[in-house]
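Working notes for the structure below.
The values are calculated or read from the model by the stated rules, or taken from the named source; none is laboratory data. Quick caveat: nothing in here was measured; it's all calculated off a predicted structure. Virtual Cβ from ideal backbone geometry, glycine too; neighbours counted across all protein chains shown. Protein only, heavy atoms only, side chains kept; ligands, DNA and RNA dropped before computing areas. Shrake-Rupley method; radii C 1.70, N 1.55, O 1.52, S 1.80 Å.
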Amino acid sequence: PDAGQTKPDYGDYLAFSINGTTVRQQLQEPLIAGRTYSLEAQVISRTQGTGNLRLEVRGATNACASGYVIGRSGVVPDTDDWSRTCVTFTADKPYTFLLLAPSYDGDAPPGGSEFLLDELRQVPSCRVTP
């Protein structure tokens, strides 16, 4: 599509129910302890009014581990349009798996809430927007 067009709300993206389920990816090389990383993604948050979801990144050293929280984005406002979010974290261990999931502050969003994630990529740093 043209750069000026709104991305349609269908296609290849991850759709999360807000139930603690994560997606995990084994890394080709472990994270380097002490190195800072930034991940950027396009997201949509639909919490039916609580507006308290964040993108959470966890690190794990084996395929079955629940992992440790190593970074969280700022709160993603509820919207039906794609917006950019970014997570910066410093690895404290040489994690071989990254896990991604929405997390929330305060009360859990109501049933039927969802979090959509697309275009995840590593970036040199998270840009601060005014």
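General observations
- Complete set of residues in region 48-60 that are surrounded by 12 or more Cβ atoms within 10 Å (Cβ to Cβ) and either more than 16 Å from PHE89 (Cβ to Cβ) or hydrophobic (A, V, I, L, M, F, W, C) (or both): GLN48, THR50, GLY51, ASN52, LEU53, LEU55, VAL57, ALA60
- Residue within region 29-50 that is under 17 Å from SER113 (Cβ atoms), modelled with pLDDT under 95 and of a type in the set (A, V, I, L, M, F, W, C) present: no
- In region 19-31, the count of residues that are open to solvent by less than 20 Å² (accessible area, probe 1.4 Å), under 11 Å from the mean Cα position of the chain (by Cα) and farther than 23 Å from ALA108 by Cα is zero.
- Of residues in region 119-130 being of a type outside the set (Ser, Thr, Tyr) and assigned to a loop (DSSP other than H, G, I, E, B), the one surrounded by the most Cβ atoms within 10 Å (Cβ to Cβ): CYS126
- Filter result for THR85 (on the phi < 0 side of the Ramachandran plot, among the β-branched types (Val, Ile, Thr) and surrounded by fewer than 12 Cβ atoms within 10 Å (Cβ to Cβ)): no
- The numbered conditions (1) farther than 25 Å from ASP107 by Cα; (2) more than 15 Å from the chain's Cα centre (by Cα) are all true for SER66 except (1).
- Selection count, region 92-118, where residues are under 18 Å from ILE44 (Cα atoms) and either aliphatic (A, V, I, L, M) or open to solvent by 60 Å² or more (accessible area, probe 1.4 Å) (or both): 8
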